[in-house]
Amino acid sequence: MRKLCHCGQEMSLDFRVLIFESVIEIDRVPIFECEQCNHYEVLSAIKPDLLALLGEVKASREQGLVLFNEVNELVDVMYGIYRSWNDTGSPSFEALLDQKCKERINLLLDVYGCAKEMQDRDWMDDISKRLTQISCFVNNSQFSRAN
Ligand SMILES: [Zn+2]
């Protein structure tokens, strides 16, 4: 998964800790990074969720570390692929991501079914939120458009 930097160099996908206002740390945030000029940017597909998370953490006045992949399904799928994927070109990161996202959606739908059967409203809400995070991305299909 790559994107072109303003310096002309290709940027590659990485995950890093971002620190906000020196108190909130969010780890495992997917970014594009340029080795040439050290420029980096947060993936635009997850920016709205990252901002929403920051708002929540600020409102709760809790300090410390949040693992972004634990609160965002899309990031969790990406992080899973990132850790096990080697850049041999086949299958491509994008193809794997597409496939894994679809698998995750099916899984979440199953879990939602369980939650519904148990009439667990909180659980259902949680699953719906996670489904939204991941299906928005799949429906908008990919970084090529998102960037
Ligand atoms: Zn650059």
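The values are calculated or read from the model by the stated rules, or taken from the named source; none is laboratory data. Predicted, not measured: the structure shown is a model, and the values here were computed from it. Every residue, glycine among them, receives a Cβ derived from its backbone with ideal geometry; neighbour counts consider all protein chains shown. Just so you know, the surface numbers come from the protein's heavy atoms only, side chains and all, with ligands and any DNA or RNA stripped out. Shrake-Rupley method; radii C 1.70, N 1.55, O 1.52, S 1.80 Å.
Think of the chain as having a plus end and a minus end, set by charges on the Cβ of Lys, Arg, Asp and Glu; of F93, G55, F15, F93 sits farthest toward the positive end of this dipole. Taking S128, S84, S92 in turn, the Gaussian network model of the chain (Cα-Cα springs below 10 Å) assigns the largest fluctuation to S84.
From the Cα gyration tensor of the range 15-68, with a ≥ b ≥ c the square roots of its eigenvalues, which class applies: rounded if a/c is under 1.5, or else prolate if a/b is larger than b/c, or else oblate? The shape class here is prolate.
Charge tally for A115 (other residues, Cβ to Cβ under 13 Å; Lys, Arg +1; Asp, Glu -1): -2.
Residues F15, F32, sorted by accessible area with the largest first, give F15, F32 [1.4 Å probe; ligands and nucleic acids excluded].
Mind checking the range 13-91 for trypsin sites (Lys or Arg not before Pro) that DSSP puts in a loop (not H, G, I, E or B) and that have at most 11 other Cβ atoms within 10 Å? If you can, show how the numbers build up before the last one.
Details: sites: R16, R28, K58, R61, R83; in loops: R61.
Within the range 13-91, the qualifying trypsin sites (Lys or Arg not before Pro) (loop, at most 11 other Cβ atoms within 10 Å) are R61.
Binning every alpha carbon pair distance of the chain at 10 Å from zero, what are the percents per bin? Here the calculated profile for the chain is 10, 36, 35, 15, 3, 0.
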